[in-house]
Amino acid sequence: MQRRGRRAGRAALVASVCAISIGVLAASASAAPSRAAACDGKTVVCSTVNVPLDRTGVVPGTIPLHVETVPAPGFARGVVFLVAGGPGQGSAHTFDLSDPSEAAYFQFLFPGYTLVAYDDRGTGASNALDCPALHGPDIAGFEAQTAANCAAELGPGTSFYSTADHAADLDAVRQALGFQRIAVMGVSYGTKLALAYAAAYPQHVDRLVLDSIVPPNEDQSFAASILQAMPATLGQYCANGGCADATPDFAGDVVAVANKLANTIALDYLQVVVDADLNPGLAAELPAAFHAARGGDLLPLRHAMAIDRSDFGGTPADFSNTLYLATVCDDGPFPWSPSTAPSQRPAAIKAAVAALPPGSLGPFGTWAASLGNAEACAGWPGPSSDLAAPAGPLPDVPVLGFSGGLDLRTPTAGAASVMAQFPQGHLVVVPGVGHSVLTADPSLCAQKALRNWILSGATPGTCARATSFLPPLGAFPTKLPKRLSSQQTLAVTTKTVREAEASWLATALMSSKPETVRGIYGGKLVATTDAIALTNYAVGSGVTVTGRLKVTDIGPPSTFTGSVTVAGSAAAHGTLTLAHGALRGRLGNRKVGG
């Protein structure tokens, strides 16, 4: 969970790839519960659970929670509630159990379990909150007044979307479905909700699965845990010399570039870094892009930021930025009390940042505190009539946690601190994987560990580093001569094709529609799920690439074939064919590429 409520990415597509690799089959459903009906014509049972907007009764109204259930085949081993992240993602919407491959995937993870996913209040099909002013790929740069305007638009119901409210809803769904004890699998913010539920209703918790763990009492006002862990985590992106062709010091480049700018654009660049833990294409771009920026060329980094800000056609039903604000701003804590007037909160933020001990923001200056939630929430009204946060002891139940070695938004240190609170807890750290491990680990190590734990209670072992979909790009071709030889043109064209592959991975797997990416020095590519169409695409001055590349294997590693025409004022012109990872052909009437 992180300030700007970034989309969770097309992690479900990776999950589908994993499910296909495992070879599991969708299970048949048992008899449907009463008061419900099959909603996909096959296995998924849909129902609605109405819950009060305000459980104190002061503000009237109810919220219909959309619930989807896939009954276990035969005798049920147990029941698991799948809880998505954000906050802002509806779990039913995100886990999409009506898709047979998605249902099969989670039935593989939880063999013999009934699957339940419901859209939290304010998300998906459960009255998704929507302020048009917050539309867009993220809420970066929105000032407190924008949040205040949104809250005014929503009216008095803004106070009833805290994690405590969500936990009470989860129990209401449990009761409505007639289950006495449940397992809860939470992802990202979903882990915070799962832990809140376990503390409030310990007698109803059978076991917990926590993926990308958010410590429930962590102060996220200034994103301190993210900033402190960022350099070490970036080092993991370059383990075993993986960034040698791009930079000798990826973390140092990020710190130097951000602190030199120390402004709003620097915050945007840090946000791009954080977003890379859910986007392997973006992760492949950044080491070379930040190294170029440290040397004075910001164009590759601006290119990466443009990719990150792409609108992939999401709607408030996919992710509600408004619900994100409503929950995190209600939860706190912040350096002001709920009764503090919004006009006084900026001063409270300034004083709190000034009082931070050295190192609180890692190697970054005080400007980086704006990465946290405090500034956006300064305009949100404090809760006026709400549930108290649960304070009961956590249940002594089996708990399995997962943390990605490349996870920037929920660092492993926080996961370890949470897991230490459970006598029957075990943490699996998966190197080479970022956020949302169970839907992003292509090695299937994490998924198999969970399945074995469910079946036998076996303590999972360690996971090897997962293979990357694409390795980090080599250094961008900057300061090119006005005329290039055939071999020099081949080198630049190879870098152009590699960057196009990374742009494809960063966009096509995040979207259900074709995505257009502009070249750093002009031209464009259009990324679809199975191909890349390039038109005068240029990542170096004076070399353009036109052609079509076909995705032959998503991977990892991702592989491509095709042919391209090379032109441009500095290039040796010609045509090249891509096969087996290398370009070959003729440039400037010379044979190149072997």
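What the table shows:
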| read-out | value |
| --- | --- |
| Protection-proxy order for peptides 347-360, 478-491, 214-227, each taking the mean of Cβ atoms within 10 Å per residue, highest first | 214-227, 478-491, 347-360 |
| Ranked by how many other beta carbons lie within 10 Å on average, peptides 274-287, 191-204 from highest | 274-287, 191-204 |
| Region 477-594: relative contact order in percent, alpha carbon pairs under 8 Å with at least 6 residues between | 22 |
| Ordering of 160-169, 318-327 by packing [mean C-beta count within 10 Å, highest first] | 318-327, 160-169 |
| Nearest-ten-degree value, helix 250-261 long axis tilted from longest Cα axis of the chain | 80 |
| Net charge of Cβ neighbours under 12 Å - reference residue 234; Lys, Arg +1; Asp, Glu -1 | -4 |
| Point-charge dipole on Cβ atoms (K/R +1, D/E -1) for region 477-594, about Cα centre, debye to 20 | 520 |
| Helix 11-22 axis, angle to the chain major axis (alpha carbon atoms, nearest 10°) | 90 |
| Distance (nanometres) between label positions extended 7 Å along Cα→Cβ at residue 413 and residue 573 | 5.7 |
| Normalised contact order of the chain, rounded percent, pairs of Cα under 8 Å and 6 or more residues apart | 15 |
| Helix-only mean residue ellipticity at 222 nm for the chain, each DSSP H run of n ≥ 4 adding -39500 (n - 2.57), per residue, nearest 500 | -10000 deg cm²/dmol |
| Total formal charge among the other residues, if their Cβ is under 14 angstrom from that of residue 428, Lys/Arg +1 and Asp/Glu -1 | 0 |
| Reachable lysines from residue 550, criterion Cα separation under 20 angstrom, eight or more residues apart if same chain | 495, 513, 524 |
| Convex hull volume per residue in cubic angstrom - Cα atoms of the chain | 142 |
| Spatially proximal aspartates and glutamates relative to residue 350 (Cα-Cα < 14 Å; intrachain offsets below 8 disregarded) | 375 |
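We did not get these values from a lab; they are worked out from the coordinates using the rules stated. Everything quoted here is computed from the prediction, not taken from an experiment. So basically every Cβ, Gly included, is an ideal-geometry build from the backbone, and we count neighbours across all protein chains shown.
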